[in-house]
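Step one of this worksheet: look at the structure below.
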Number of protein chains: 2
Amino acid sequence: MDGSSLPKRDANFVPLSPITFLPRAASAYADRTSIVYGSISFTWRQTYQRCCRLAAAIQQLAVSRNDVVSVLAPNTPALYEMHFAVPMAGAVLNAINTRLDAPNVAAIIKHAEPKVLFVDYQYITVATKALQQSVSMDMGDHRRTMPLLVVIDDIEKPTGVTVPAPSGEGDGHHQLPVLEYKQLVARGDTARHPPRPVEDEWDAVALNYTSGTTSAPKGVVYSHRGAYLSTLALLLQWGVGHEPVYLWSLPMFHCNGWMLTWGMAACGGANVCIRAPTAEAMYAAFAAHGVTHMCAAPVLFNILLEACHEPLPRTVEVLTGGAPPPAALLQRVEQLGFHVTHAYGMTEATGVAMVCEWRHQWDALPPSERARLKARQGVSALSLADADVIKDLKTMESVPRDGATLGEIVLCGSNVMKGYLKDPGATEAAFRGMWFLTGDVGVIHPDGYVEIKDRSKDVIISGGENISSVEVEATLYQHPAVQEAAVVAMPHPYWGETPCAFVALKREFKVTKEEEILSFCRNKLPHFMAPKMVIFVDSLPKNSTGKVQKVELRQRAQRLTKTPTTAAVSSRL
Amino acid sequence: MDGSSLPKRDANFVPLSPITFLPRAASAYADRTSIVYGSISFTWRQTYQRCCRLAAAIQQLAVSRNDVVSVLAPNTPALYEMHFAVPMAGAVLNAINTRLDAPNVAAIIKHAEPKVLFVDYQYITVATKALQQSVSMDMGDHRRTMPLLVVIDDIEKPTGVTVPAPSGEGDGHHQLPVLEYKQLVARGDTARHPPRPVEDEWDAVALNYTSGTTSAPKGVVYSHRGAYLSTLALLLQWGVGHEPVYLWSLPMFHCNGWMLTWGMAACGGANVCIRAPTAEAMYAAFAAHGVTHMCAAPVLFNILLEACHEPLPRTVEVLTGGAPPPAALLQRVEQLGFHVTHAYGMTEATGVAMVCEWRHQWDALPPSERARLKARQGVSALSLADADVIKDLKTMESVPRDGATLGEIVLCGSNVMKGYLKDPGATEAAFRGMWFLTGDVGVIHPDGYVEIKDRSKDVIISGGENISSVEVEATLYQHPAVQEAAVVAMPHPYWGETPCAFVALKREFKVTKEEEILSFCRNKLPHFMAPKMVIFVDSLPKNSTGKVQKVELRQRAQRLTKTPTTAAVSSRL
């Protein structure tokens, strides 16, 4: 067959983009609810019209193809609409973590160079501080222009918020031109500025900064193609089905809400927006809107459990990730009426990279066994072309499917990020040939399901043996006195590295001795895996999203080993 | 953002292809059942290994990239395996309709020019005849070489079949080199011939000939990209979920089994293969394998209903298409335990183009109303970028969403075919700008759901009014004497065209007069829509897949109108 005789046409080769889900929803699901937020609600027809107008208004602000538009907002209708309107204007959406402080937001603004910054009224102080700081970072860099500032007032209960005059010297450079979101939506001229068609599916659709447990935040760039494929794959593997009612407990700034921002348009679901995932807001949503689906990090389960012990009126499907849900917690939330699916994702994989697809045959197992199976990261996302666990990055040899041999999880597929913005060094380091290196270390079980054991940076290599810091930590957590524990490598003159434990004790156990912890571990673990030193701390250092900063602990452990007598340094810091 | 700074890499830009689902299934679903056929069953690991070996063996037969490999077989494991192995060899799969006779198969072979023809043992006679005929069609064309013939013996109960000596003059040109499928799978050298990676997702993966109600069969070419996207979209919109057990009642040669050949690998489902969809085979499969999903043209419902009136042990999800299921039939099969989803597809749309997505609020409606809603073709497939109903192909104006105004259904998206093989005229005629023209005429209901009313060729334009031949036929079927009815346009000196009815009467009503039928219609229809003439026939002409050949009736109607007095020609033909 002569393959060249049937070239691509506009009718049969359309760039893949998640924004195409919106006009389709406006046609197929026109009068169904798209967004609910307090007393406000929209249909898909309305959401499409609003997004078209907002996209026109953004174009009228002289935003061009591939320009960045940043936003600092909680899970409001505005942030949802921007997921479509910004790419419909040809621009790249940069949703910033609202938990960051002004210096961190400033660093992102300086790096991303947005043309426009949208800010929810609750975050104006941090945003204006960050803008000032990003300018002062740029002393002498005269090419930079301040982004336009668009304030997003509350759509349900407008506050009439205004932007405070900047506290700086007021030299005009700091004077912020300020627009209001509602006015932009109203004034968008769709006749003169219709949505820009996606010219190339490889174009960027979003820029998401990693929270970075080990280094400075990096700007992860998603393509339209990757976001489209990742969206379809997650809807399929989570089994979202028709007419879901999705509660926005997960921040949309986390990997664009694990693709479910775009995903709800694809399946015509209803988005229930809440400003913060409080127990009150979530239970009110269950009662009022018949929520069927939500995402939750395990920490949210505690919030849900503390507020209510009554079974839910209907099963709520919960997709969880970030950390595997502990067995006891899983059992308790499932008794309440939540049905939990565990997935594994990362910013660089455009959201979900693996899903622990449940098998019917596991239904009959005891709860602890079900929890153990569900805590595994699972099988690769359908949007990946391939995934593997590599024992040795030199030979690229895979681990056996024995559930024991550690290796690095590697991914390959069109949902893997384009790369890190303006960081060719980090980008090159993240890829090796056909693989993206996740930096996560895991095993493959005989049934093909992958389970993560550690971050590759956190693996301790002692006398040639790989030690999973997570396994040692799990042992430490079994000790009744341990409140928090983290294990990192400590240089050792003979073994190369040995495990060093950082431990915060429970208040009532503050007198516990290092030797007691060390012998406890030696009784439970192979000798080479047991920590050789315990450093007591009041609490472990954590970043803005609550992840333990192992890089800081590792630096401490490096310094400490310069003192050869361990007894001398094992004191409370 | 500088878009050019992050170029595509092997790790993040992988050509989309449905064959990538197979190695993933071999990893993620290794020990789950892939295929069941009588007493034979395979796991996904085994199916992948067998397909790799078959792909290697096909490459050893000097099959190159983009070569066509044809197959004539029922729903056996071999035909399923070929859906992966042939593209894994870089070739294009051409699964031929087993209901065709030798001349039709010969026409396809002559047009598709396969390098290899695989034939199930039951179809050796028709295949050898067809090969001889395709050669004789080529008198004087010395470039053509005969395809290699591979016989597929029954894998469960081998017959040791041999190919009969050709009945022709035996001049060596007719001597068929014959191989056996099992031997090919055994001898494939995967070390020397590993699966060929897909170089370009626009490459052809399959070539499917339309059954053609109105013209010669055309060879529809699918891209890897289109098949991949169409597969994911159907799994999602049908809601196939995890661990389906899929019964192969629909022939795999129909649009590659509406993508479910590749789809079952994507979701790790089990394929239950049967040689023919007899009631016995289907009910045995329900009982033995816990079938969860199947596809069925409405005619299959009759087979299922006639055999059994006991409720099924578990609900079987049925995807139906080709013709909307009549209300009474729908009600009866759903009472048995089948849950029916209606979809609309066509070869040119790489399978399903629309799905009648069910809405929960319709559950409470009376059965007849539910059937009416379910008979609609629905909303566009997720793999389409756009779909519309166009009132006028000159202005490309859309119809209003009124459920009444007729227009042509048009599609746009990456699952629209590449075009027709070696038929630039038909290819150009099928496209207009950004649209593929389906040739189907329908309406859009206020809720956005599309309903087909007719084929565009079958619409009768009388005095500027569009008349749906299907609606007139529906009225004719209400007459107690009518067994079969078809309505086509007949030239009219004043109105341009008027409806002409072809009617086959039930045996017991053979004395019915034309005037009785005409007045019956005039009482039920607007006058301009009522037929102006009735031609009685014993039965309507049909093609190999049972579709009424309106082109033949239209030719007759054209001739008949040369006689001005209708009474003279309204006789039984």
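At a glance:
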{"read-out": "Filter result (of a type outside the set (Ser, Thr, Tyr) and closer than 18 Å to B:Ala204 by Cα) within region B:63-78", "value": "B:Val63, B:Arg65, B:Asn66, B:Asp67, B:Val68, B:Val69, B:Val71"}
{"read-out": "Filter result for the condition that a residue is at pLDDT 90 or above, under 22 Å from B:Tyr222 (Cα atoms) and of a type in the set (Gly, Ala, Ser), over B:Ala112, B:Ala130", "value": "B:Ala112"}
{"read-out": "Which listed residue, of B:Val443, B:Val459, B:Val450, is crowded, with 23+ Cβ neighbours inside 10 Å and more than 8 Å from chain A (Cβ to nearest Cβ)", "value": "B:Val450"}
{"read-out": "From the options A:Ala216, A:Ala233, A:Ala186, residue that is closer than 30 Å to A:Leu421 by Cα, in contact with a helix residue (DSSP H, G or I) (Cβ under 8 Å, 6 or more places away or on another chain), at pLDDT 95 or above and not polar (S, T, N, Q)", "value": "A:Ala233"}
{"read-out": "Region A:409-421: number of residues that are more than 7 Å from chain B (Cβ to nearest Cβ) and more than 15 Å from A:Ser380 (Cβ to Cβ)", "value": "1"}
{"read-out": "Selection count where residues are of a type in the set (Ser, Thr, Tyr) and more than 14 Å from the chain's Cα centre (by Cα), scope region B:340-388", "value": "4"}
{"read-out": "Matching residues in region A:22-52 - criterion: being under 28 Å from the mean Cα position of the chain (by Cα) and at the interface with chain B (Cβ under 8 Å from one of its Cβ atoms)", "value": "A:Pro23, A:Arg24"}
{"read-out": "Options A:Arg432, A:Arg359: the member that is within 14 Å of another protein chain (Cβ to nearest Cβ) and within 29 Å of B:Trp262 (Cα to Cα)", "value": "A:Arg359"}
{"read-out": "Complete set of residues in region B:530-552 that are touching a residue at least 24 places away in the same chain (Cβ under 8 Å), within 18 Å of B:Thr210 (Cα to Cα) and in a strand (DSSP E or B)", "value": "B:Val548"}
{"read-out": "Residues satisfying the stated conditions in region A:398-409, i.e. aliphatic (A, V, I, L, M) and either surrounded by fewer than 24 Cβ atoms within 10 Å (Cβ to Cβ) or outside the structural domain of A:Ala385 (by TED's automatic domain parsing) (or both)", "value": "A:Val399, A:Ala404, A:Leu406"}
{"read-out": "Any hit, region B:335-344, residues being among the small types (Gly, Ala, Ser) and out of contact with any His (no Cβ under 9 Å at 6 or more places or on another chain)", "value": "yes"}
{"read-out": "Single residue of region B:376-396 satisfying the filter (touching a residue at least 12 places away in the same chain (Cβ under 8 Å) and among the hydroxyl-bearing types (Ser, Thr, Tyr)) that is farthest from the other protein chains (Cβ to nearest Cβ)", "value": "B:Ser383"}
{"read-out": "Region B:397-406, residues that are in a strand (DSSP E or B) and either over 18 Å from B:Met354 (Cα atoms) or more than 14 Å from chain A (Cβ to nearest Cβ) (or both)", "value": "B:Glu397"}
{"read-out": "Within region A:53-80, considering residues that are more than 16 Å from A:Pro197 (Cβ to Cβ) and among the charged types (D, E, K, R), the one farthest from the other protein chains (Cβ to nearest Cβ)", "value": "A:Arg53"}
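Per-residue answers, yes or no, for (1) outside any strand (DSSP E or B); (2) among the small types (Gly, Ala, Ser); (3) at pLDDT below 85; (4) not assigned by TED's automatic domain parsing to the domain that holds A:Ile535:
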{"position": "A:Asn466", "(1), (2), (3), (4)": "no, no, yes, no"}
{"position": "A:Val470", "(1), (2), (3), (4)": "yes, no, yes, no"}
{"position": "A:His479", "(1), (2), (3), (4)": "yes, no, no, no"}
{"position": "A:Glu484", "(1), (2), (3), (4)": "no, no, no, no"}
{"position": "A:Val488", "(1), (2), (3), (4)": "no, no, no, no"}
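The values are calculated or read from the model by the stated rules, or taken from the named source; none is laboratory data. Since we're looking at a predicted model, the values are computed, not measured. Please note: Cβ atoms are built from the backbone with ideal geometry, for glycine as well, and neighbour counts cover all protein chains shown.
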